[in-house]
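The values are calculated or read from the model by the stated rules, or taken from the named source; none is laboratory data. All values derive from a computational prediction rather than experimental measurement. Don't worry about glycine lacking a Cβ; one is built from the backbone with ideal geometry, like all the others, and counts go over all protein chains shown.
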Protein chains: 2
Amino acid sequence: MAPKNAFYAQSGGVTSVINASACGLIETARKHRKQIGKVFAGRNGIIGALREDLIDTSKETARAIAGLRSTPAGAFGSCRYKLKSLEESRAEYMRLIEVFRAHDIGYFFYNGGGDSADTCLKVSQLSESLNYPIQAIHIPKTVDNDLPLTDNCPGFGSVAKYVAVSTLEAGLDVASMCETSTKVFILEVMGRHAGWIAAAGGLAARVAGDPPHLILFPEIAFDRERFLRGVERAVKRHGYCVVVASEGVQYADGRFLADAGTIDAFGHKQLGGVAPTLAAMVKESLGYKYHWALADYLQRAARHLASKTDVEQAYAVGKAAVELALEGRNAVMVTIERGKGKRYSWSTGEAPLARVANSEHKLPRNFITRDGFGITDKAREYLSPLIAGEDYPSYSGGIPDYTRLRLVSAPRKLKKRFRV
Amino acid sequence: MAPKNAFYAQSGGVTSVINASACGLIETARKHRKQIGKVFAGRNGIIGALREDLIDTSKETARAIAGLRSTPAGAFGSCRYKLKSLEESRAEYMRLIEVFRAHDIGYFFYNGGGDSADTCLKVSQLSESLNYPIQAIHIPKTVDNDLPLTDNCPGFGSVAKYVAVSTLEAGLDVASMCETSTKVFILEVMGRHAGWIAAAGGLAARVAGDPPHLILFPEIAFDRERFLRGVERAVKRHGYCVVVASEGVQYADGRFLADAGTIDAFGHKQLGGVAPTLAAMVKESLGYKYHWALADYLQRAARHLASKTDVEQAYAVGKAAVELALEGRNAVMVTIERGKGKRYSWSTGEAPLARVANSEHKLPRNFITRDGFGITDKAREYLSPLIAGEDYPSYSGGIPDYTRLRLVSAPRKLKKRFRV
């Protein structure tokens, strides 16, 4: 009997290392051709499955697939598209089964965050609920580091490194200029509901007094007066103040500091504009000259500054997903387990998807200093190994030589189209 | 007779390689102890001289000075402080002479942009005008690449590389997500009056259709309708649109697109907010989902992504400044000369300061495509070698191990204080 084929899709916001997971998965699957036939990737994520728009990854050279390891963003396209419950979205699940059956797909690998874990769980239940045999394995990915049951999420380490390095560099810049020019610099970073990314800014400091002087976490209610007093204190003490602010900073009553009012496909509010809001407060109340930066996608796409640890873990979770599938698992997420020793070590593990889906892993309070503006040694101990090591892409002509795939579509087998 | 000492100062906005110039200068001076005594650095630039706040660089180890080569920002502090004409600021020039005499300073090295070249010229004339013998040499530095008479300015190549790489990476991110999410991404970059930095974004594209799809230059009058049509065309053709916008984009009548209204110490308007302004236009007229980034200081401090060519040139102009001084020159700026051959080559040269001061080098019109939204092959040919090569700092604990100097003050010799 011919082996079953696999379906792989990237979901939600991309990262600088999600393609490294794709690389680990495809390279590993290619080593087990007797058990796994072709790996089809959904063009633009799960909607590629719904549309029967499958990319035949067997058409890519070994070299191109190897290049995925050092190429940021989603090489097959990703999407923000959440499948609802079986009751609400029955037509979508039926369509998935139709497409999977047409392409003889027995493995479903879904590479994403919390919402995707939920979708993956539902797909894993298709065997039972709709009598279609499939093994669904979730591969964690999120810059937000907010998945439970895994020590950390691939994608986070690199954005953390980007934020730490950018904070360090911008801090040196402001320190140079503060005597006559900018005194307050605010860097707005991602992290909708959890302050992991903002916390990483704290790694820029090696000794007391180093920037950042204030970190604003979504977990700590924002208090305008305390913030302004903190800025003033830093400027008086050091001559300048560097602030790292999470996009998710909110007042005690839950209002976001800067609410753009837009809502994305998952129903989350689209945030932006915390930095200019804070800058305006500083200007109005303290009169200091300020600058601010909003790194936005730059931070999560910065493969040029990826964490080696993160790249290795991203690759490993892709590889482990295939291995778990070969062992017959279903409805699990690959996890990263931290070793117990003093020296950082890690290995991959697994967790049941039922326990993962729709649960968020917040920054523990004891990672934040008592005043709410900094990170503790405990946080530092957790975060430091995740940004360790460099893993540079190759360059040509001064810019990284990122892989370009052929992205050949598998021939369609179904007459029926499905609109998404 | 004891050799004369040297004074060195960093001026204006810092760059990721201005310390490489300091490194070249100090290392070279240390090789000529018979002709140059100590190198004193102004703490926070020229105001360090006025305040008699001099850093004795001889107190720094060879290793610390070598580390300057890979440390961003201004290690001695910089300032935005412009000396006016001899007539208007006579007290300041008299004070400089007083400090220089007290510390036996015969060489004045000024590391900055156009405004600093002007100050350097005035100092060079002190021999004649106020009978104080001094040789003043200007060392070019500006991310804006707007100094005349030099092929390019140290500092520019690295910010250009940062913008090209960031555009490439963010472009891949948006391409991955555009099917269901963000369709327009706008990166705002520096470059007040000249579009050199924005032009560098164009280097992200290797083949036709690659991002950026639109570059907005200060040299091309902004036309809202043409911009929106360009965005729409890119989204229809490619599924998404990446825009690189200079902070200096302006309407035909000279109004800046986003004028923050603040004015810096040189009397320049402080800009910011072009990206959100453009994003609002896109949303209002086309309704596309957008994201935008404002790299601000991150781009000019990004030593982690410096151009090797830029680092080497920055070092070389510092070294050449000392060599020119030893040859008896005064009132000159070190320049970078491009070789004539097909293959890129460069060497240092010199230009009379009188021809440099207060003149700006704009992006030639033939570097911009006819439609005003892209760069030509001629631009590409000029820009490409400037971002070539990587020059990574060493890392420890996941972040760059940037040099920390001791910054020991030279004992004051004057009783009189001078307030600046």
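Could you say which residue among B:VAL317, B:VAL322 is crowded, with 22+ Cβ neighbours inside 10 Å, in contact (Cβ under 8 Å) with a residue 12 or more places away in the chain and in contact with a Pro (Cβ under 6 Å, 6 or more places away or on another chain)?
That would be B:VAL317, the only listed residue that is crowded, with 22+ Cβ neighbours inside 10 Å, in contact (Cβ under 8 Å) with a residue 12 or more places away in the chain and in contact with a Pro (Cβ under 6 Å, 6 or more places away or on another chain).
Scan region A:26-33 and give yes if some residue there is surrounded by fewer than 23 Cβ atoms within 10 Å (Cβ to Cβ), at pLDDT below 95 and in a helix (DSSP H, G or I), otherwise no.
Scanning region A:26-33, I find no residue that is surrounded by fewer than 23 Cβ atoms within 10 Å (Cβ to Cβ), at pLDDT below 95 and in a helix (DSSP H, G or I), so the answer is no.
Do you know which of the residues in region B:352-394 that are modelled with pLDDT of 95 or more and of a type in the set (Asp, Glu) is farthest from B:PHE227 (Cα to Cα)?
B:ASP391
How many residues does region A:363-381 contain that are out of contact with any helix residue (DSSP H, G or I) (no Cβ under 7 Å at 6 or more places or on another chain) and over 19 Å from A:GLY191 (Cα atoms)?
Qualifying residue count for the region: 4.
Might you let me know whether region A:69-76 holds any residue that is more than 19 Å from A:VAL159 (Cβ to Cβ) and of a type outside the set (S, T, N, Q)?
Scanning region A:69-76, I find at least one residue that is more than 19 Å from A:VAL159 (Cβ to Cβ) and of a type outside the set (S, T, N, Q), so the answer is yes.
Can you pull out the residues in region B:269-308 that are of a type in the set (Ser, Thr, Tyr) and buried (at least 24 other Cβ atoms within 10 Å of the Cβ)? Quick ask: steps written out before the conclusion?
First, pick out the residues of region B:269-308 that are of a type in the set (Ser, Thr, Tyr): B:277, B:285, B:288, B:290, B:297, B:307.
Residues satisfying the conditions are B:TYR290, B:TYR297, B:SER307.
Tally time: how many residues in region B:173-203 are in a helix (DSSP H, G or I) and surrounded by 24 or more Cβ atoms within 10 Å (Cβ to Cβ)?
Total meeting the criteria: 12.
Of all residues in region B:97-117, which are more than 28 Å from the chain's Cα centre (by Cα) and either small (Gly, Ala, Ser) or not assigned by TED's automatic domain parsing to the domain that holds B:ALA49 (or both)?
If the condition is that a residue be more than 28 Å from the chain's Cα centre (by Cα) and either small (Gly, Ala, Ser) or not assigned by TED's automatic domain parsing to the domain that holds B:ALA49 (or both), then B:ALA102 is the only one that fits.
Considering only region B:257-271, I want to know if a residue exists there that is at pLDDT 95 or above and within 14 Å of chain A (Cβ to nearest Cβ).
Looking through region B:257-271, none of the residues is at pLDDT 95 or above and within 14 Å of chain A (Cβ to nearest Cβ).
Among the residues of region A:51-105, count how many are within 14 Å of another protein chain (Cβ to nearest Cβ) and either surrounded by fewer than 22 Cβ atoms within 10 Å (Cβ to Cβ) or of a type in the set (Lys, Arg) (or both). Before the answer, list the steps.
Taking region A:51-105 and keeping what is within 14 Å of another protein chain (Cβ to nearest Cβ), we get A:51, A:53, A:55, A:67-68, A:70-83.
Now drop any that are not either surrounded by fewer than 22 Cβ atoms within 10 Å (Cβ to Cβ) or of a type in the set (Lys, Arg) (or both), which leaves A:51, A:53, A:67, A:80, A:82-83.
Here the count works out to 6.
Would you be able to say whether some residue in region A:279-299 is within 30 Å of A:ALA351 (Cβ to Cβ) and at pLDDT 95 or above?
Yes: region A:279-299 contains one or more residues that are within 30 Å of A:ALA351 (Cβ to Cβ) and at pLDDT 95 or above.
If B:ALA208 passes every condition in (1) part of a helix (DSSP H, G or I); (2) of a type in the set (A, V, I, L, M); (3) within 14 Å of chain A (Cβ to nearest Cβ); (4) surrounded by fewer than 24 Cβ atoms within 10 Å (Cβ to Cβ) but one, which one does it miss?
Unmet for B:ALA208, out of (1) part of a helix (DSSP H, G or I); (2) of a type in the set (A, V, I, L, M); (3) within 14 Å of chain A (Cβ to nearest Cβ); (4) surrounded by fewer than 24 Cβ atoms within 10 Å (Cβ to Cβ): (1).
When you go through B:SER384, B:SER396 one by one, which is the residue that is exposed (fewer than 14 other Cβ atoms within 10 Å of the Cβ), within 14 Å of another protein chain (Cβ to nearest Cβ) and of a type outside the set (A, V, I, L, M)?
B:SER396
From B:ALA49, B:ALA66, grab the single residue that is out of contact with any His (no Cβ under 6 Å at 6 or more places or on another chain) and farther than 23 Å from B:ARG417 by Cβ.
Only one candidate qualifies: B:ALA66.
How about region B:122-153: which of its residues are touching an Asp or Glu at 6+ places or on another chain (Cβ under 9 Å) and in a strand (DSSP E or B)?
Matches in region B:122-153: B:ILE137 only.
Quick check on region B:284-313: of everything there that is within 9 Å of chain A (Cβ to nearest Cβ), aliphatic (A, V, I, L, M) and assigned to a helix (DSSP H, G or I), which residue is farthest from B:ASP173 (Cα to Cα)?
B:ALA301
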